[in-house]
Structure formats: C-alpha cells, structure tokens
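Following: one structure in structure tokens, then a few remarks.
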Amino acid sequence: MRRFSWFNATALTLGFAFLYIPMIILVIYSFNASKLVTVWAGFSTQWYGELVRNEEFLNAAWVTIKVAVMSSTIATVLGTMAAYVLVRAGRFSGRTLFSGMIYAPLVMPEVITGLSLLLLFIGIGLDRGVLTIVLAHTTFSMCYVSVVVSSRLVTFDKSLEEAALDLGCSPFEAFRLVTLPIIAPAVISGWLLAFTLSLDDLVIASFTTGPSATTLPIKIFSAVRLGVSPEINALSTIMIAIVTIGVIMASLITKQAAVRQARDERMAERPA
Amino acid sequence: MRRFVLIAVPYLWLIALFLIPFVIVLKISLSDVALARPPYFPQLDLSQGWEGLTSFFAELDFENFWFLTTDDLYWKAYLSSLQIALTSTVMTLIVGYPIAYAMARAAPEWRPTLLMLVILPFWTSFLIRVYAWMGILSNEGLLNQFLLWLGVINEPLTILNTNTAVYIGIVYTYLPFMILPIYSALERMDDSLLEAAEDLGCSRLSAFWLVTIPLSKNGIIAGCFLVFIPTIGEFVIPSLLGGSGTLMIGKVLWEEFFSNRDWPVASAVAVILLLILVIPIILFQRNEQKQREAEG
C-alpha cells in the first residue's frame, strides 16, 4: 500500500505547473486584444484572423506539411527495413558500421547534421529547396523510426514468422500477413514521431533549404527573433491544439489495440 | 537476393546522406578559404588522375584547427557550452527527480495519465516551448509583473538575454528526457525493500539515500546523458533566450557559417565539437549496454 504524502503531491503539482503554465499563458495571450503581448486588453480573436490572411505563413505551413508527409513516409519505409535488418538479418559484413550509422544521427548535434548535408548538396550541385529538406529529414528520422520499430521486433515471437514460412508463405507474404500486423502500432508511432520531428525542425531545415522553400519553423524563428508577437502566439496555439488532439487520439487507439490484443491472446490460449 | 536488397537500400541511403557528408565536412575543415564558389580550396580534380589526387592531399592542412586555438572565442565557447550543459543537467536532475519519484509513488491507475502529461510537451514544438518563455522572462514580462505586484522586487529583473534564461529554457525543454528514464527505474523498484530497510532501523530519509537512490542509479545516469549530450550543441535556446554574452558552440558554428561565410572554419568547429561529444556518447552507450545485460 502506498502512502499518500504531501511531498509527492507538492512535487507533482509544482512539476506539472512548471511544464504547463508557460504554454497556458501562451494560449491565453493569443486571445489578447492588445498588440503588446504582456498587457491584457480584453478578449479578441483578431490575431487568428490576421494569421489566416497572412500569405507568407500559409505558404510556409503548406511547405512544412508537404515536407513532413513525404519525409516521414519515406523514413518509415527505410526505418522499418533498417530495423528488420538490425533484428532479423543476422550477421553480414559491415553490420557494425550499419548499426553505428543508425544510432549516430540520434546523438549528432543538429548543427553538424545540417552543415554536413548542406556541404554535400552543394558538392553534388543539387538545387536546394523542398527536395533537399525532404532528403535531410528522411535521413535523421529514419533512425528514430528504426529504433522504435526494432524495439517492437525484438519482443515478438520469431516462430510465428517461421510457421507462416512453413505453411507455404513467401517471405514477403509472411512479412505482410504476420509481421506487419504485429509491428503495426510501432510503425505507426514511428511515422508519427518522424512527422513531428520534421514539423518541428528548425536547424537542419535552415541549413538545407534554399530561397524557394521556407518552412514554418524558419518563418517563426525569424519573426520571433524580433520579439514576441500575438500572431505567433495564435499560430502556436493552433499547433499546440493539433498536437494535443493527436496525442490523445493516438493513446486511445493504442489502448484499444492493447485491449484487443490481450483478448485475442486469451482466446488463442483457450483449449479448443 | 531479397535479403541483399533489404540490407542495401537503407545501408546505401545512410552512407550517401550521413557518412559521405561527414567526410566532406572533415575534408573542408582541412581546406583553405578562397574567394570563389564554393568558397574553399583545394577542389578534388579527378580528371588529372593520380597527380590531381596527390596535389589535392598536399594542399590539405590543419591551419583552421590552428586558427581555432589562436582566437580565444572558440575555446571559450567550447568551455562555456560544456559548463552550461553540465550546470543545466544538474539543475534538470534536481527538478526532475522529485517529479519522477512522485509519479512512481502515485496510485497505479493514475500513472498512465501522469506519463502522458510528461510526454505531451515533448511532442509540442521545441521552438514554441522556448518562445513561450520569451514573453514570461522579458523586462515587462509576466514574471516581472508578478514579482512587482507581490512587492518582492522594486524594479524589473533582467532575465531574458542572460545565461539564467538559457538555464531555465534548457531545464524546461529537456525535463521529460530526465523524468522518463528515472521514472522507469523507480517504477520497477520493489517497495518491500524500503519496508525492510525501515524495519531494520533506517529512517525514511536514510532508506531513501541507501536504497532508492542506488536502485535508480541507471535511470539517473541515462537521464543525465540524454540532457547533457544534446545541450552541448544546442542552438535555438541560446539564440532566443541568451544574450550577446551567452557563448555556445552551436551558435558560434551557425554564425561562422551564415554570417561570416567561413566554411572551412565552421567545418573545423563541427569536427572538434564531435570529438568532444564522442566521450559522453561512448560512456552513455556503455551504460545502456550494461543495463541491457543486467536485465537480459
């Protein structure tokens, strides 16, 4: 039996207050009528209106979403392949280098990743724009995807795949019919992680983009450098709302999936 | 054949877009600045065959690294990044441990919700979370308004654009990375160990020091590395919350590249930064591996 203690209650209250109050303030002040962000002058939604009419922000948002969808989708395919190789392919020459290249981007400072990719793109004469950002984002987020997917692959029973092969499945069919449904939650959360990482990235995108493509974080960063502005607060509020809804939905879906899986396993164990 | 394709596709992708770019950085860090496009020298000219290759290598030198040691901006920036990263890691641990502890002690039906509340900010844009503090910490910001109203201070404190703001920003944004590993270590802890310690005459506080802390050691180490390693190369926090006095190497690299357009020096800064990071990264990997072996 755990004792309720004042210490724990205080730690939780203060901790979550610290984590959430700055964001709550940000949201509240996005509805401020005053241009001065720190002075409250009554409720207003005018900054949302200005945001919707601001072509530059809309264009940047569109570029960001395009980049995020493309890079996270390619990264999910490549990252799942890489995870499969790491967990299932056994030994092959260059395996150490391979796993090193999967883990290194996770700890590599963004400034270095950005600089090195930019120098590559210039070296091979590739025009910088949406394509180069997609290539850059795919490269680092596939590593995150492969870590998420391989942790799921490690825990599941290899004999299920072997049974499918014994029963006449081709390796690809075994993957599609047995492995993929089992690792699907990890693949989906890998895609979501890659998507958010891409949506969020300022440093690597700044290095690898050209004049033709400005992403939302680049736009926000250059606006924010000049100081706090209510339009950015409105934009942040929209982004926070989307993320919150997304995370809550994702957790409900995984919870349902877990319940269903537990039920299926119980059914499978019951003697016929 | 299928296995070959499966391995080759991600492998070649990583070689082309991770390894080769890095070799290019290394090469440019050994080159000289030139008033041309691209702005460095020498260029590898394969059309001249073997002679082109030897003359290319002959032109490479360590001049940029030598330059980094002569201008004290650079080593001061490295040292101050390390110091800021170290201090803020300790601060994050002090803030994060009680939260992780309280979460692990909470009723089991509450824990998934608490966990989600810690993870949620992590999914929210990093830039936005840093930006949120700009409005709070500025001279006419909410913190100063609040403190003035309380009567604690008579004139606004200057916090934004100082190192204090950088510390606050780092603790705030990296807190989930500290809480999660400590929480997962504490959650697995067997409560009867604490009861045994108390039965054997330990006070609650000494039971905490002698039982709880050692058992959460791996979580603490993992959390500290997860905060320390990315903080060293941090760019967004020092450039938005820090001032002109805040020296961090990520910011120096950025300015060297975008403002001074000195690619060779920016590359040399990157190479040294990576060499500094190798030690904590290897220590972190060792710790993770030891933990896996202990569990396996």
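The table for this structure:
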quantity	calculated
So A:Ser198, is it touching a helix residue (DSSP H, G or I) at 6+ places or on another chain (Cβ under 6 Å), polar (S, T, N, Q) and either within 14 Å of chain B (Cβ to nearest Cβ) or part of a helix (DSSP H, G or I) (or both)	yes
Pairs where the first residue, in region B:15-32, is more than 7 Å from every other protein chain (Cβ to nearest Cβ) and the second is assigned to a loop (DSSP other than H, G, I, E, B) and at pLDDT 90 or above, C-beta under 8 Å, 6+ apart	none
Residue in region A:211-226 that is aliphatic (A, V, I, L, M), closer than 29 Å to A:Tyr29 by Cβ, assigned to a loop (DSSP other than H, G, I, E, B) and over 20 Å from the mean Cα position of the chain (by Cα) present	yes
Any hit, region B:148-159, residues being closer than 29 Å to A:Met239 by Cα and either within 7 Å of chain A (Cβ to nearest Cβ) or outside any helix (DSSP H, G or I) (or both)	yes
Hits in region B:248-265 - residues which are buried (at least 18 other Cβ atoms within 10 Å of the Cβ), at pLDDT below 90 and part of a helix (DSSP H, G or I)	B:Glu256, B:Phe257, B:Trp263, B:Pro264, B:Val265
Qualifying position, being of a type outside the set (A, V, I, L, M, F, W, C), assigned to a helix (DSSP H, G or I) and surrounded by fewer than 22 Cβ atoms within 10 Å (Cβ to Cβ), among B:Ser244, B:Ser206	B:Ser206
Per-region count, region A:214-240, residues without any contact (Cβ under 8 Å) to a residue 40 or more places away in the chain, within 10 Å of chain B (Cβ to nearest Cβ) and small (Gly, Ala, Ser)	2
Residue, surrounded by the most Cβ atoms within 10 Å (Cβ to Cβ), within region A:7-23, restricted to residues that are under 17 Å from B:Ala132 (Cβ atoms) and touching a helix residue (DSSP H, G or I) at 6+ places or on another chain (Cβ under 9 Å)	A:Pro22
Residue in region B:193-200 that is assigned to a loop (DSSP other than H, G, I, E, B), within 16 Å of the chain's Cα centre (by Cα) and of a type outside the set (Gly, Ala, Ser) present	no
Helices (runs of 4 or more DSSP H) completely within region B:35-145 that count 3 or more residues being at pLDDT below 90 and over 30 Å from A:Ala194 (Cβ atoms)	B:49-59, B:63-70, B:72-105
From B:Ile237, B:Ile281, residue being facing chain A (nearest Cβ under 9 Å), among the β-branched types (Val, Ile, Thr) and either surrounded by 19 or more Cβ atoms within 10 Å (Cβ to Cβ) or in contact (Cβ under 8 Å) with a residue 12 or more places away in the chain (or both)	B:Ile281
Check on A:Ser116, surrounded by 24 or more Cβ atoms within 10 Å (Cβ to Cβ), within 19 Å of the chain's Cα centre (by Cα) and in a helix (DSSP H, G or I)	no
Only listed residue being within 7 Å of chain B (Cβ to nearest Cβ), at pLDDT 95 or above and surrounded by 16 or more Cβ atoms within 10 Å (Cβ to Cβ), chosen from A:Thr76, A:Thr139	A:Thr139
Pairs where the first residue, in region A:155-174, is under 18 Å from A:Pro185 (Cα atoms) and the second is of a type in the set (Ser, Thr, Tyr), C-beta under 9 Å, 6+ apart	A:Phe156/A:Thr179; A:Leu160/A:Thr179; A:Glu161/A:Thr179
Answer from B:Ala132, B:Ala106 - the residue that is without any contact (Cβ under 8 Å) to a residue 40 or more places away in the chain, within 10 Å of chain A (Cβ to nearest Cβ) and surrounded by 22 or more Cβ atoms within 10 Å (Cβ to Cβ)	B:Ala132
Of all residues making up region A:25-47, the number that are farther than 21 Å from B:Trp133 by Cα and outside any strand (DSSP E or B)	4
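The values are calculated or read from the model by the stated rules, or taken from the named source; none is laboratory data. Owing to the predicted nature of the structure, the values given are computational and were not obtained by experimental measurement. FYI the Cβ positions are ideal-geometry reconstructions off the backbone, even for glycines, and counts take in every protein chain you see.
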